[in-house]
Amino acid sequence: MAYNFDEIIDRSHSDCLKYGVLDERWGRTDLLPLWVADMDFRTPNFIIDALRTRLEHEILGYTIPHPEWKDSIINWQQKRNGYTIKREELTFVPGIVRGIAFVLQSFTQPGDKVMVFSPVYHPFFLVTEDNGRDVVRFPLTLSEANHYEIDFNLLRQLLQGVKVLILSNPHNPGGRVWTLNELKHIAELCQDSGTLVISDEIHADLTLAPYHHVPFACVSETARQNSITFGSPSKAFNSPGIISSYVIVHNEAIRNKLKSYLAASELDEGNMFAQLVTVTAYTQGEEWLEQVKAYIADNIRFVEEYLQENIPQIRPMHTEASFLIYLNCRDLGLSHEQLLNLFIDKAHLALDDGRKFGEEGTGFMRLNVATPLSVLRQALNQLKDALKSTNYNNK
Ligand SMILES: Cc1ncc(COP(=O)(O)O)c(C=O)c1O
């Protein structure tokens, strides 16, 4: 079956976050929203059908866990990533950001140090700060080639005294798929400093050719024993509103501690739809996933070529996984405020402010390309026209 990702679907009256907070957050509503990380594509038909079928039984009573939930994740991870997981190592969690908060609450005390790579998906900062832990910012190195790299000497230094590292693997917003060697090195340094690693692998299923996702726990026995991995079908199968995630812990002592924390407040139980969506995505979703990734890869290529041809001062970081492009706009020579003015008030676009992901993101904007190509073309045309008609004094 060929899926149609060119279809424009009106999301404006669906209580969707992407449209619903434009006024509140951007101060105007006449904007094309290309920000929060969900897709403008229809959630796959097999997922909608599975939910519909369940609703045909018109009693929404208490349910037992879906009997295929664990096997569907175990088989998917084995087949897609060569990642072997035992049944007892897998637990449901109601959302990954919440899961990270549960780990911080279980394994750290207020005032403890928690490291995040910066820039990074901003809730890593927020969940740490809001739980009263101290953020240790590890700045990623921006290479000449506009690519994020890790300065391992600096990492070794900054890891001293850090209790937990929260890793986005692959990396949002930089789009990096961390390599086996990079992950191995991180694992060794964290072992030396006594730092527990949280590997957030929510974007893994969207790793684009020719890159390959490496699960953190697979890089060495050290990594396997000193990590907690989160996964979810929500990004790849456009279903984040369902809230269905899982946590994998191989180390028995760490697992028992986290499991008792979760069980004490019944945080390890989903609703009847959550596990159904995971089972359906992971047992029926491969063909859809390959097609959506091909469409996303084409959109990324389109943006890269368009910018090179029309706005070469904006350099997109090459996205190795997922549907987000971190745009390096520094060569425009604008202050960050002027950059926001250009995108919002002149081009009428709502992208994520690059600085939201850490101060290293100054001069960057994050573009979501999981949208029909026609929308993307329109957005870039608006940007090109805005730039042409705008004169900033310091340009
Ligand atoms: C790296 C990363 N982790 C977690 C999330 C959100 O996960 P959840 O909705 O399960 O909390 C996102 C969403 O964009 C993300 O990019």
**Message:** I want to verify the translational diffusion coefficient of the stretch 161-226 in µm²/s; compute it with Stokes-Einstein, Rh as the Kirkwood radius over Cα pairs, at 20 °C and 1.002 mPa s.
**Reply:** 179
**Request:** Kindly write out, for the stretch 140-150 in residue order, the coupling ³J(HN,Hα) from the Karplus curve 6.51 cos²θ - 1.76 cosθ + 1.60 (θ = phi - 60°), rounded to whole Hz, with x marking Gly and Pro.
**Result:** 5, 8, 8, 7, 3, 7, 6, 9, 7, 10, 10
**Relative packing of peptides 78-88, 121-131 - highest average C-beta neighbours within 10 Å first** = 121-131, 78-88
**Message:** I'd like the GluC sites (Glu not before Pro) in the stretch 1-72 restricted to DSSP loop residues with at most 14 other Cβ atoms within 10 Å, sorted by number.
**Reply:** E7, E58
**Prompt:** Could you give the semi-axes, largest first, of the ellipsoid that matches the stretch 61-284, computed as the square roots of 5 times the alpha carbon gyration tensor eigenvalues and rounded to whole Å?
**Reply:** 27, 20, 16
**Fill in**
In the stretch 61-284, lysine pairs 8 or more places apart or on different chains with C-alpha atoms under 21 Å apart total 13
**Message:** I'd like the antiparallel share, as a percent to the nearest 5, of DSSP beta bridges with both residues in the chain.
**Reply:** 50
**Request:** Any lysines with Cα under 18 Å of the K384 Cα? List them, leaving off those in the same chain fewer than 8 positions away.
**Result:** K346, K395
**Phi to ³J(HN,Hα) by Karplus 6.51 cos²θ - 1.76 cosθ + 1.60 over the stretch 286-297, Hz, x for Gly, Pro** = 4, 5, 4, 4, 5, 6, 5, 5, 5, 5, 5, 4
**Message:** Could you order the peptides 280-287, 208-215 from most to least packed, using the average number of other C-beta atoms within 10 Å per residue?
**Reply:** 280-287, 208-215
**Item:** Approximate spin-label separation Q109-E221, in nm, with each point projected 7 Å along Cα-to-Cβ
**Value:** 3.2
**Asked** What are the ³J(HN,Hα) values, in whole Hz, obtained from phi via the Karplus relation 6.51 cos²θ - 1.76 cosθ + 1.60 with θ = phi - 60°, for each residue of the stretch 92-109 in sequence order, with x given for Gly and Pro?
**Response** 5, 9, x, x, 7, 4, 4, x, 5, 4, 5, 5, 4, 5, 7, 10, 9, 10
**Fill in**
Hits in the stretch 1-33: amide N under 16 Å from the 7 Å Cα→Cβ extension of L55, namely 14-16
**Prompt:** Can you give the alpha-carbon Rg of the chain over 2.2 N^0.38 Å, where N counts its residues?
**Reply:** 0.98
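Taken together, the values in this text are just the output of simple stated rules run on the coordinates, not laboratory data. Given the structure is predicted, the values throughout are model-derived calculations rather than measurements. Please note: Cβ atoms are built from the backbone with ideal geometry, for glycine as well, and neighbour counts cover all protein chains shown.
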